[in-house]
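Inspection log for the structure reproduced underneath, given as structure tokens.
The values are calculated or read from the model by the stated rules, or taken from the named source; none is laboratory data. Predicted model, so just to flag it, every value in this text is computed and none were measured. Note: ideal-geometry Cβ built from the backbone for every residue, glycine included; neighbour counts use all protein chains shown.
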Amino acid sequence: MNTPTENSTHANAARTPQVKSKLPAVGTTIFTVMSTLASQKGAVNLGQGFPDFECDPKLVNAVTDAMRKGLNQYPPMAGVRELREAIAAKLAKLHNHDFNADNEITVTAGATQAIITVILAVVHPGDEVIVLEPCYDSYVPNIELAGGTVVRVPLTPGTFRPDFAKISAAITPKTRAILVNSPHNPSATVWTEADMRRLQDILAPTDVLLISDEVYEHMVFDAAKGQIHQSAARFPGLAARAFIVSSFGKTYHVTGWKIGYVAAPAALTTEFRKVHQFNVFTVNTPVQYGLADYMKDDRPYLELPAFYQRKRDLFRSGLAATRFKLLPSEGSYFQCVDISQVSDLNEADFCKWLTTEIGVAAIPLSAFYGNGFDQRVVRFCFAKKDETLHAALRRLAKL
């Protein structure tokens, strides 16, 4: 039998040391909170941004074929050459910019890994990085983990257009990079050619790097009105300083595969790969070969805008029968609405009420601001089966 002294000794030996958190302000994300609540309440989950439908069976077959061919060991650190060449060919075709597949294209474990790897590669302690709020929730923690200083510049409330006077004023000798996202999550706005040229002019006299988050690049709507995706690759002054990030998960409805890419000038890619090789080293081999084969047909991504525009229009038509005020949805697979005529609750409480009482989950835009700025706007995701959207609309019709 152990004595009290022995028990005390064993207890002390088993003590878990305390850790000083590198991200003391970070808790559970709003996406997890709302998805959990939606599951508990049996709500239609239009909160978290992922499809509830299957990808093209041809893509699954292409990956399966690669597995059966024995392509299951480590690929090159930068990615399978065939896939890098397919990415380079796509960018050249769409944006008239030639990236070298050998030293300017890197395959990543999704866009989130790509962005933190960029930031860890180029941001030093004390460097400033500009983010445009509302912004995706990984940006700020990534900068903080690198020891950088976050400089928050708001997009114009209500329209979510870039305020270039504020962007220009935020640039200092300490500014290392600016993060831009178009099509934009969460607001569904799309930067215009004029916007990109204005950014190019502002950055021209500086050494500020551009991190261009273009994961929704193939979801730009209203082509009949001349709307297209304005990639940083299309503008020489931006392309020369940019890390362009995209996601196969978003484009091909396979978000769980976690695979994307970064395109950047050779000198920037060299620094990116220094971190990438110790971050994940490389990415799922058969998925890379499968994607390379699947990309021989460009129709899936060329037809994607029309696919999602139809879902957008279906969803907007249903929402028009409610008291929500619809904001423009120019790209991505999100629809934002103003709740001012529906409820006096703040955004977060309204989303909890909507999930619990109406049975539809949404995301408050305040979650995308560092200070929780509340402008009475919430975000729905319409990347869902038509029957899912109809089910949500039947419930929302109560409003």
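Can you pull out the residues in the stretch 153-168 that are over 17 Å from residue 182 (Cα atoms) and touching a strand residue (DSSP E or B) at 6+ places or on another chain (Cβ under 6 Å)?
Answer for the stretch 153-168, where residues must be over 17 Å from residue 182 (Cα atoms) and touching a strand residue (DSSP E or B) at 6+ places or on another chain (Cβ under 6 Å): just 166.
Within the stretch 354-399, count every residue that is in a helix (DSSP H, G or I), touching a Cys at 6+ places or on another chain (Cβ under 8 Å) and over 18 Å from residue 341 (Cβ atoms). Explain how you work it out, then say what you get.
Filtering the stretch 354-399 for residues in a helix (DSSP H, G or I) gives 354-358, 365-368, 386-396.
From what is left, the residues that are touching a Cys at 6+ places or on another chain (Cβ under 8 Å) are 365, 368.
Restricting the remaining residues to those that are over 18 Å from residue 341 (Cβ atoms) gives 368.
Count: 1.
Which of the residues that make up the stretch 262-281 are outside any helix (DSSP H, G or I) and touching a Leu at 6+ places or on another chain (Cβ under 8 Å)?
Hit for the stretch 262-281 is 263, nothing else.
Any chance the stretch 343-365 includes a residue that's in contact with a strand residue (DSSP E or B) (Cβ under 7 Å, 6 or more places away or on another chain), buried (at least 19 other Cβ atoms within 10 Å of the Cβ), polar (S, T, N, Q) and not assigned by TED's automatic domain parsing to the domain that holds residue 93?
Checked against the condition, which is being in contact with a strand residue (DSSP E or B) (Cβ under 7 Å, 6 or more places away or on another chain), buried (at least 19 other Cβ atoms within 10 Å of the Cβ), polar (S, T, N, Q) and not assigned by TED's automatic domain parsing to the domain that holds residue 93, the stretch 343-365 yields at least one hit.
Quick test of your reading of the structure: residue 140 fulfils all but one of (1) in contact with a helix residue (DSSP H, G or I) (Cβ under 9 Å, 6 or more places away or on another chain); (2) part of a helix (DSSP H, G or I); (3) closer than 24 Å to residue 117 by Cα. Name the failing condition by number.
(1)
Filtering the stretch 188-225 down to residues that are touching a residue at least 60 places away in the same chain (Cβ under 8 Å) and among the hydroxyl-bearing types (Ser, Thr, Tyr), which residue is farthest from residue 242 (Cα to Cα)?
189
With the requirement that a residue be modelled with pLDDT of 80 or more, over 26 Å from the mean Cα position of the chain (by Cα) and in a loop (DSSP other than H, G, I, E, B), what does the stretch 1-51 give you?
14, 15, 16, 17, 18, 19, 20, 42
Considering only the stretch 124-135, state which residues are surrounded by 23 or more Cβ atoms within 10 Å (Cβ to Cβ) and under 23 Å from residue 270 (Cβ atoms).
Once the filter is applied, which keeps residues that are surrounded by 23 or more Cβ atoms within 10 Å (Cβ to Cβ) and under 23 Å from residue 270 (Cβ atoms), the stretch 124-135 yields only 129.
If you go through the stretch 302-327, how many residues are polar (S, T, N, Q), under 16 Å from residue 46 (Cβ atoms) and touching a residue at least 40 places away in the same chain (Cβ under 8 Å)?
From the stretch 302-327, those polar (S, T, N, Q) are 309, 317, 322; that's our starting set.
Of the ones still in play, those that are also under 16 Å from residue 46 (Cβ atoms) are 317, 322.
Narrowing the set further to residues that are touching a residue at least 40 places away in the same chain (Cβ under 8 Å) leaves 322.
Total meeting the criteria: 1.
Would you mind finding the one in 165, 233, 169, 188 that is in a loop (DSSP other than H, G, I, E, B) and of a type in the set (A, V, I, L, M, F, W, C)?
188
Kindly evaluate residue 254 against the criterion of being out of contact with any Leu (no Cβ under 9 Å at 6 or more places or on another chain) and either in contact (Cβ under 8 Å) with a residue 12 or more places away in the chain or on the phi > 0 side of the Ramachandran plot (or both).
no
Which numbered condition in (1) under 17 Å from the mean Cα position of the chain (by Cα); (2) crowded, with 18+ Cβ neighbours inside 10 Å; (3) of a type outside the set (Asp, Glu) is the only one that residue 138 fails?
Condition not satisfied by residue 138: (2).
Any residue in the stretch 90-108 that is closer than 29 Å to residue 336 by Cβ, modelled with pLDDT of 95 or more and not in a helix (DSSP H, G or I)?
Yes, some residue in the stretch 90-108 is closer than 29 Å to residue 336 by Cβ, modelled with pLDDT of 95 or more and not in a helix (DSSP H, G or I).
Which of the residues spanning the stretch 366-399 are of a type in the set (Gly, Ala, Ser) and surrounded by fewer than 20 Cβ atoms within 10 Å (Cβ to Cβ)?
Initial filter on the stretch 366-399 (of a type in the set (Gly, Ala, Ser)): 366-367, 370, 372, 383, 391-392, 397.
Selection gives 370, 372, 391, 397.
Mind listing just one residue for me: the one in the stretch 151-201 that is surrounded by fewer than 17 Cβ atoms within 10 Å (Cβ to Cβ) and farther than 24 Å from residue 371 by Cα and, of those, nearest to the chain's Cα centre (by Cα)?
193
Would you say residue 179 is touching an Asp or Glu at 6+ places or on another chain (Cβ under 7 Å), in contact (Cβ under 8 Å) with a residue 40 or more places away in the chain and of a type in the set (A, V, I, L, M, F, W, C)?
Judged against the criteria, residue 179 is a match.
Restricting the stretch 298-334 to residues that are of a type in the set (D, E, K, R) and surrounded by 15 or more Cβ atoms within 10 Å (Cβ to Cβ), which is nearest to residue 161 (Cα to Cα)?
We begin by selecting, within the stretch 298-334, every residue of a type in the set (D, E, K, R); these are 298-299, 303, 310-313, 316, 323, 325, 330.
If we keep only those that are surrounded by 15 or more Cβ atoms within 10 Å (Cβ to Cβ) too, we end up with 311-312, 316, 325, 330.
Working: 311: 24, 312: 20, 316: 21, 325: 18, 330: 12 Å.
By that ranking, first place goes to 330.
Which of the residues that make up the stretch 226-235 are in contact (Cβ under 8 Å) with a residue 60 or more places away in the chain and either out of contact with any helix residue (DSSP H, G or I) (no Cβ under 6 Å at 6 or more places or on another chain) or not assigned by TED's automatic domain parsing to the domain that holds residue 124 (or both)?
The answer is 227, 229.
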